[in-house]
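Quick notes on the structure that follows.
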Amino acid sequence: MRPAPGEVLHFSEDSTITRFEPHVAATAQQPEAYVWAVGAERAPDYWFPRQCPRAMAWTVPGTTEADRSWLGDSRVHAIEYGWLAVMQSVRLYAYRFSAASFRSFGEHAHAVVATSPVSPLGPPEPVGDLLALHDEAGIQLRVVSNLWGFVDAAAGSSLGFSGIRLRNARPRVGELQA
């Protein structure tokens, strides 16, 4: 599930949205209101239940051979075992938008934003089997007991790295829960 040329996607578990209004997310680090979407390259980062903590790693031009051997030949996504059943049962939908309504967010943009209300190009599309999507895209999905080992290894490496909803991950091993 990726956008067609000239389109961007927004993924949601809600299939009833007809118009997207800019808003400030509860976890936002900026005060501006946005509608968020992603292009084809980063769409797989959202093939997950919304609240699922996940980490992604991939090779970049400066990736060392040691890091390449740790990662393997593909992009890798990691989740915790506790999220696997949710990932297998969630009903996720993709909303398509014209990319012309969005602009890059930040210098190294992983997402695009709109500052005005936007309407989808059509009804939301069911994304389908999230595990199958990863397989078909050649993305390795690692299921781990605790996400922080993967996060720390990837973030401290020469790989490209991203983490989403990490606040929902289990505590680090040895870390007290509040």
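The values are calculated or read from the model by the stated rules, or taken from the named source; none is laboratory data. In this text, all values refer to a predicted model and were calculated from it rather than measured experimentally. Cβ sites come from the backbone with ideal geometry, for glycine too, and all protein chains shown count toward neighbours.
Could you tell me which of the residues ALA57, ALA37 is small (Gly, Ala, Ser) and within 21 Å of HIS10 (Cα to Cα)? Full working, then the answer.
Values: ALA57 fails: within 21 Å of HIS10 (Cα to Cα).
Step by step, each of ALA57, ALA37 is checked, and only ALA37 is small (Gly, Ala, Ser) and within 21 Å of HIS10 (Cα to Cα).
With the checklist (1) crowded, with 18+ Cβ neighbours inside 10 Å; (2) modelled with pLDDT of 95 or more; (3) of a type outside the set (A, V, I, L, M, F, W, C); (4) out of contact with any Ser or Thr (no Cβ under 7 Å at 6 or more places or on another chain) in hand, flag the one item ASN146 doesn't pass.
So ASN146 meets the others, but not (1).
Between residues in region 1-24 that are loosely packed, with under 15 Cβ neighbours inside 10 Å and residues that are basic (Lys, Arg) and in a strand (DSSP E or B), which pairs lie under 9 Å by C-beta distance while being six or more apart or on different chains?
ALA4/ARG96
Identify, by number, the condition in (1) loosely packed, with under 11 Cβ neighbours inside 10 Å; (2) of a type outside the set (Phe, Trp, Tyr); (3) at pLDDT 95 or above that HIS134 doesn't meet.
(1)
How many of the residues making up region 156-178 are loosely packed, with under 14 Cβ neighbours inside 10 Å, at negative phi and either modelled with pLDDT of 95 or more or not acidic (Asp, Glu) (or both)?
Residues meeting the conditions: 9.
Please specify each residue of region 91-130 satisfying the condition of being of a type in the set (Val, Ile, Thr), modelled with pLDDT of 95 or more and more than 15 Å from the chain's Cα centre (by Cα).
Within region 91-130, just VAL118 meets the criteria.
Which residues, taken from region 51-86, are in a helix (DSSP H, G or I) and modelled with pLDDT of 95 or more?
Keep residues of region 51-86 that are in a helix (DSSP H, G or I), which gives 65-71, 81-86.
Listed by number, the residues that qualify are TYR81, GLY82, TRP83, LEU84, ALA85, VAL86.
Within region 28-37, identify whether any single residue is surrounded by 11 or more Cβ atoms within 10 Å (Cβ to Cβ), small (Gly, Ala, Ser) and modelled with pLDDT under 90, and answer yes or no.
Yes, some residue in region 28-37 is surrounded by 11 or more Cβ atoms within 10 Å (Cβ to Cβ), small (Gly, Ala, Ser) and modelled with pLDDT under 90.
Pull up region 72-91, narrow it to residues that are of a type in the set (A, V, I, L, M, F, W, C) and either surrounded by fewer than 20 Cβ atoms within 10 Å (Cβ to Cβ) or touching a strand residue (DSSP E or B) at 6+ places or on another chain (Cβ under 6 Å) (or both), then point me to the one that is nearest to PRO126 (Cα to Cα).
Only one residue tops the list, namely VAL90.
Please go through region 1-44 and give me each residue that is over 17 Å from PHE97 (Cβ atoms) and not in a loop (DSSP other than H, G, I, E, B), ordered by number.
Of the residues in region 1-44, the ones over 17 Å from PHE97 (Cβ atoms) are 13, 24-32, 44.
Scanning region 1-44 gives a single hit, PRO44.
Please give the strands (runs of 3 or more DSSP E) falling wholly within region 93-178 in which 1 or more residues are out of contact with any helix residue (DSSP H, G or I) (no Cβ under 7 Å at 6 or more places or on another chain) and closer than 15 Å to ILE79 by Cβ.
By residue number, 140-144.
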